[in-house]
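Undergrad: Would you mind keeping the following structure in view while I ask a few things?
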Amino acid sequence: MVASCLLLSGCAEYRDGDSMARDIAAAEAERLVDDLGHRNRVRDAEYIAATGIPKAAQGGSSPVRIEALAWSGRTAPDEQAIIDVRIAVTVTEDYGSSFGDRGHSAGQATRCYRYRLALHRATSRQEIDCPAVATPPVPTAVPIPALPDDARDRLTGALRTATPDTLAGAVRAAFPEKHVTVDTVTHEGALVAAVGVPAELDCLLLVRTPAGAIESPGYDPNWLEPGETGCRTGLYVSPPR
């Protein structure tokens, strides 16, 4: 190895593999800050760990492995989600080349970090001591509440057959899901209905005109934000000015 080192790149240029592995782990930790990003929805830490922490930086055969070790809390007003992550890096020996490339020894490093995520705040990280956990638990992503895939068909069907007196009941019957909100009104001969999942800023607004046509009026998505109109018929009847 020494002969190869001298012949190809010079021992003075030969880098320590353990040091390289530590540097790679630190770079991956910083990249993960960007991946976790700016949170604008309420999410449990376990959901974020399951969907935002990769198992490996470059695929299953990568020398970089990233694992979620523990999680708690959620990204909600006045709360934060905390996720502990372990990053393990293995570097194989490289003697460099005769063209001046620096070679390096084999090495490895394991570093652990704690990430703090808050609603509408930048994600932060700090290095922590790695716990003695051989096989960490696997986080599970519980499905996020959403409008059903056939929401438009359901609402269209309800509007086509409804009358002003039956409108509210017909739309609610079309959307029995508890997480879906329903708001209806008759306005200047038109039947107006808004169904949505407010926490996800998910909203479908349809209008049956006096002539019987089903229309989808546009609106500013910012009106769905907390403190604004929200997913209600006011998006059509009395939109913000």
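The values are calculated or read from the model by the stated rules, or taken from the named source; none is laboratory data. What you see is a predicted model, and the numbers here were worked out from it, not measured in a lab. FYI the Cβ positions are ideal-geometry reconstructions off the backbone, even for glycines, and counts take in every protein chain you see. Ligands, DNA and RNA are stripped out before the accessible areas are found, and what is left, the full protein with its side chains, is counted by its heavy atoms. Shrake-Rupley method; radii C 1.70, N 1.55, O 1.52, S 1.80 Å.
Undergrad: Which helices, counted as full DSSP H runs in the chain, have an axial Cα extent of no less than 20 Å and a Kyte-Doolittle average of -1.0 or above?
TA: Working: long enough: 17-36 (28 Å, -0.20).
Correct list, ordered by number: 17-36.
Undergrad: When the dipole is taken about the Cα centre of the chain, and only Lys, Arg (+1) and Asp, Glu (-1) are charged at their Cβ, what size is it in debye, to the nearest 20? It would help to have the intermediate numbers written out before the result.
TA: On the way: 24 positive and 32 negative charges, 78 e Å.
Here the chain has a charge dipole of around 380 debye.
Undergrad: How much mean residue ellipticity at 222 nm does the chain get from its helices, if each DSSP H run of length 4 or more adds -39500 (n - 2.57) and you divide by all residues, to the nearest 500 deg cm²/dmol? Provide the component values of the computation, followed by the final result.
TA: Working: 6 runs with 58 residues, N = 241.
One gets -7000 deg cm²/dmol as the mean residue ellipticity at 222 nm.
Undergrad: On to the next question. Quick check: with the 1.4 Å probe, what order do 181, 156, 140 take by accessible area, largest first? The partial results should precede the final answer.
TA: Numbers: 181 50, 156 30, 140 80 Å².
Ranked list, largest accessible area first: 140, 181, 156.
Undergrad: Report the residues of segment 223-241 in range of a label on residue 41: point 7 Å along Cα→C-beta, backbone N strictly under 20 Å from it.
TA: In segment 223-241, the label zone of residue 41 (backbone N under 20 Å from the point 7 Å along Cα→Cβ) covers 223-232.
Undergrad: Here is a further query. I want to verify a result. In a Gaussian network model of the chain, Cα cutoff 10 Å, which of these has the top mean-square fluctuation: 216, 19, 124?
TA: 216
Undergrad: Ratio of the chain's C-alpha Rg to 2.2 N^0.38 Å, to two decimals?
TA: Numbers: Rg = 27.5 Å, N = 241, 2.2 N^0.38 = 17.7 Å.
Rg over 2.2 N^0.38 Å, computed on Cα atoms: 1.55.
Undergrad: Carbon and sulfur together cover what percent of the accessible area of segment 116-241 at a 1.4 Å probe radius? Numbers along the way, then the final one.
TA: Values: 3790 of 7260 Å².
Carbon-and-sulfur percentage of accessible area, whole number: 52.
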